[in-house]
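Presented below is the structure to which this report refers.
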Amino acid sequence: TLLSVALAFDLGASSGRALIGELTDECGRQQLRVTEIHRFPNRPVQVGRHLHWDILQLLQEVKGGIRKAFQQGYAVESFGIDTWGVDFGLLDANGELLGNPYHYRDPHTDGLIAEIGALIGKGELYEQGGLQSMPFNTIYQLYAMKKADSPQLQAAQTLLLTPDLLVYFLTGCKVCEFTMATTTQLYMPLEQVWNTRLMERLDIPARIFLEPSLPGTLVGPLADDVCLELNVPKIDAVAVGTHDTESAVVAVPAPPGPFAYLVCGTWSLLGTELDTPIISEEARELEFSNEGGVGGTYQLLKNIMGLWILQECKREWDERDETVSFQELAEEARSAAPFRSMIDPDDARFYGPGGMPGKIQSYCRETNQPVPESKGEHARCILESLALRYRQALDQTERLAGQRFDGLHMVGGGIQNELLCRFTACALGRPVWSGPVEASAIGNLLVQFIAKGKCADLQHARRLVAASFPIDTYEPLDDRAEWDFAYRRFIALTGTP
Ligand code: ADP
Ligand code: LRH
């Protein structure tokens, strides 16, 4: 029996997709069946000095996904949208979008971590926001606009974070979903209120922030004109865990009890799920984030540069007409020599777009290591370095949470890189359980089912994932000594145990 049908849009920094989720019950055995009906690239656009998202193109793709769902005969009852964190659009007094949203990698936030840190105090910022200071956090973006005397910011009446903005375009309803709100660094997770005092001190207008709504809130139905345009019925939008990372954590197939996870895509988010934030001195020193999650959880996690580095190498090689797939890159990495050179993936030079192979080479040259030349050597260097960074972040998570984890759950697009999963298991000396790939979209669907009372809670949701999707296990190999030695080199290189 078909219990419920929902539609999820998951927009990552590199691509977006629409998945249909059908919740079924066969003789008391519930399962979730997912079908991908639409996939599209997410390509930022450089305009003058600024980097923007093509928000209208993304809206067009979402509309296309809704239309396709009904054309293909799915009796969709609701939809939800999750996206990458921190970014936003500003609405004027008439509810119209003021300008193209900035991409979080726009250089206008360069230097602002230090500037706001000096103004407010790094300790105070962390105590109040509980977040790793990343240059892209909404606070720095708004401060950059303020410093530029942005007429947009002056005219702004409402700030809508990207998923809320897309939902607004489709329904006309304005909400601020909680998990995204906690990525702004302007929200206080302990007090559970906006940090209006900090806004005042930075001259960021408090009027533009809406009261956060919890994941699972019903936003409203598709607007009449959208239904007419797409020739679809008035289905409801649900504010899911609209931050993609939080949706992904919902779909980690862990049994009850503490677990460690790695959400592996453009970024690598490694951490554990908690009931309350940990905002200690040690957490501040290690710069761990406490992000609001689904179902009253907090995610203590480290934001690691991730497969962005490989993605950017691939983009550069593709542009030079040496087109290569991620699969081929993994193959070439497999045949390259092990532990030749390593990078600190979180070195600031790797953050901005462009020239990535050259940045890796200069890092290796500066640190007196062999310089990677071939694509395989670059890819091997990136994948080994990421695996070592994961070991470091898992150790730190354990220290902060006072837990020991038997292994690591990996979810997200990056787990299609089997070599990375293998390397991670070897670096950790513990098993890696990988799957599902489309964790964010699946978590998005599950929160819709929870909102409709078809699924009880997070635990029920995770049981459904475990029952519905294949999970692969990677055991460490017998090259422990080599990985331990490489880890010591990595720690010496990055300087933080
Ligand atoms: P995001 O949602 O952040 O855009 P995804 O979760 O879609 O990212 O993951 C994208 C990453 O997954 C890419 O950077 C790439 O490294 C990896 N990837 C995607 N497809 C494959 C594949 N077929 N083989 C190996 N890796 C892949
Ligand atoms: C991953 C992610 C991550 C960061 C970044 C901006 O897609 O959401 O959690 O916040 O994007």
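The values are calculated or read from the model by the stated rules, or taken from the named source; none is laboratory data. None of the values given here were measured: they were computed from a predicted structure. Here the Cβ is made from the backbone with ideal geometry for all residues, glycine too, and neighbour counts use every protein chain on show.
Would a scan of segment 286-298 turn up a residue that is charged (D, E, K, R), within 11 Å of ligand 2 (Cβ to nearest atom), farther than 19 Å from Asp164 by Cα and touching a residue at least 60 places away in the same chain (Cβ under 8 Å)? Give the steps one after another, and end with the answer.
Here is the first cut: in segment 286-298, the ones charged (D, E, K, R) are 287, 291.
Subsequent filtering for residues that are within 11 Å of ligand 2 (Cβ to nearest atom) retains 291.
Imposing the further condition that a residue be farther than 19 Å from Asp164 by Cα reduces the set to none.
Scanning segment 286-298 turns up no residue that is charged (D, E, K, R), within 11 Å of ligand 2 (Cβ to nearest atom), farther than 19 Å from Asp164 by Cα and touching a residue at least 60 places away in the same chain (Cβ under 8 Å).
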Do you know which residues across segment 251-297 are surrounded by 24 or more Cβ atoms within 10 Å (Cβ to Cβ), under 23 Å from Pro135 (Cβ atoms) and of a type in the set (Phe, Trp, Tyr)? Phe288
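Starting from residues that are in a helix (DSSP H, G or I) and out of contact with any helix residue (DSSP H, G or I) (no Cβ under 9 Å at 6 or more places or on another chain), keep the ones in segment 224-262 and report whichever is farthest from Ala181 (Cα to Cα). Full working, then the answer.
Residues of segment 224-262 in a helix (DSSP H, G or I): 224-230, 244-250.
In the following step, the residues that additionally are out of contact with any helix residue (DSSP H, G or I) (no Cβ under 9 Å at 6 or more places or on another chain) were identified as 224-225, 227-228.
Details: Asp224: 28, Asp225: 29, Cys227: 29, Leu228: 32 Å.
My answer is Leu228.
Could you please find all residues in segment 401-422 being under 19 Å from Glu438 (Cα atoms) and away from ligand 1 (no atom under 13 Å from the Cβ)? Explain how you work it out, then say what you get.
Applying the first criterion (under 19 Å from Glu438 (Cα atoms)) to segment 401-422 yields 408-421.
If the condition is that a residue be under 19 Å from Glu438 (Cα atoms) and away from ligand 1 (no atom under 13 Å from the Cβ), then Leu408, His409 are the ones that fit.
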Options Phe79, Phe70; residue that is surrounded by 19 or more Cβ atoms within 10 Å (Cβ to Cβ) and of a type in the set (Phe, Trp, Tyr): Phe79
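State all residues of segment 351-388 that are of a type in the set (Val, Ile, Thr) and touching a residue at least 40 places away in the same chain (Cβ under 8 Å); if no residue qualifies, say none.
In the first step, residues of segment 351-388 are kept if they are of a type in the set (Val, Ile, Thr); the result is 360, 367, 371, 382.
Ile360, Thr367, Ile382, listed by residue number.
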For segment 84-133, what are the residues that are within 16 Å of Leu153 (Cα to Cα), away from ligand 2 (no atom under 16 Å from the Cβ) and of a type in the set (Gly, Ala, Ser)? Ala93, Gly95, Gly99
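Regarding Val432, is this residue under 24 Å from the mean Cα position of the chain (by Cα) and free of Cβ contacts under 8 Å to residues at least 40 places away in the same chain?
Criteria not met by Val432.
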Of the residues that sit in segment 47-74 and are free of Cβ contacts under 8 Å to residues at least 60 places away in the same chain and in contact with a helix residue (DSSP H, G or I) (Cβ under 8 Å, 6 or more places away or on another chain), which one is nearest to Val5 (Cα to Cα)? His50
How many residues does segment 1-28 contain that are touching a residue at least 60 places away in the same chain (Cβ under 8 Å) and not in a strand (DSSP E or B)? 3
For segment 44-62, state whether one or more residues are under 24 Å from Pro233 (Cβ atoms) and within 16 Å of ligand 2 (Cβ to nearest atom). yes
Out of (1) assigned to a loop (DSSP other than H, G, I, E, B); (2) in contact with a Cys (Cβ under 6 Å, 6 or more places away or on another chain), what's the single condition that is false for Pro135? (2)
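Considering Asp149, Asp164, which residue is closer than 19 Å to Leu97 by Cα and either in a helix (DSSP H, G or I) or within 22 Å of the chain's Cα centre (by Cα) (or both)?
Testing whether each residue is closer than 19 Å to Leu97 by Cα and either in a helix (DSSP H, G or I) or within 22 Å of the chain's Cα centre (by Cα) (or both) leaves just Asp164.
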Kindly provide the set of residues from segment 14-30 that are surrounded by fewer than 18 Cβ atoms within 10 Å (Cβ to Cβ), out of contact with any Leu (no Cβ under 7 Å at 6 or more places or on another chain) and modelled with pLDDT of 95 or more, ordered by number. Ser15
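Within segment 81-103, can you find the residues that are within 16 Å of ligand 1 (Cβ to nearest atom), part of a loop (DSSP other than H, G, I, E, B) and in contact (Cβ under 8 Å) with a residue 60 or more places away in the chain?
Step one: list which residues in segment 81-103 are within 16 Å of ligand 1 (Cβ to nearest atom), which gives 81-87, 103.
Next, from what is left, pick out any that are part of a loop (DSSP other than H, G, I, E, B): 84-87, 103.
Trp84, Gly85, Val86, Asp87 - these are the residues of segment 81-103 that are within 16 Å of ligand 1 (Cβ to nearest atom), part of a loop (DSSP other than H, G, I, E, B) and in contact (Cβ under 8 Å) with a residue 60 or more places away in the chain.
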List every residue pair whose Cβ atoms sit under 6 Å apart, with the two residues 6 or more apart in sequence or on different chains, where the first one lies in segment 115-141 and is closer than 19 Å to Tyr298 by Cβ and of a type outside the set (A, V, I, L, M) and the second, anywhere, is in a helix (DSSP H, G or I) and away from ligand 2 (no atom under 13 Å from the Cβ). Tyr126/Arg284; Ser133/Ile113
Of all residues in segment 31-65, count the ones that are more than 25 Å from His103 (Cβ to Cβ) and surrounded by 15 or more Cβ atoms within 10 Å (Cβ to Cβ). 3
Please pick out the residue among Ala425, Ala441 that is of a type in the set (Gly, Ala, Ser) and more than 10 Å from ligand 1 (Cβ to nearest atom). Ala425
Sort out which residues of segment 29-49 are in a strand (DSSP E or B) and touching a His at 6+ places or on another chain (Cβ under 7 Å), and write them in order of number. Val45
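If only one of Ala237, Ala206 is in contact (Cβ under 8 Å) with a residue 24 or more places away in the chain and either of a type in the set (A, V, I, L, M) or crowded, with 19+ Cβ neighbours inside 10 Å (or both), which one is it?
Going through Ala237, Ala206 in turn, the sole match is Ala237.
Could you check how many residues of segment 52-80 are assigned to a loop (DSSP other than H, G, I, E, B) and closer than 19 Å to Asn444 by Cα? Steps first, answer last, please.
First, pick out the residues of segment 52-80 that are assigned to a loop (DSSP other than H, G, I, E, B): 53-54, 72-77.
Among the residues that remain, those that are also closer than 19 Å to Asn444 by Cα are: 74-77.
Number of matching residues: 4.
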Given the criteria more than 14 Å from Pro205 (Cα to Cα), polar (S, T, N, Q) and surrounded by fewer than 20 Cβ atoms within 10 Å (Cβ to Cβ), does Gln132 qualify? yes
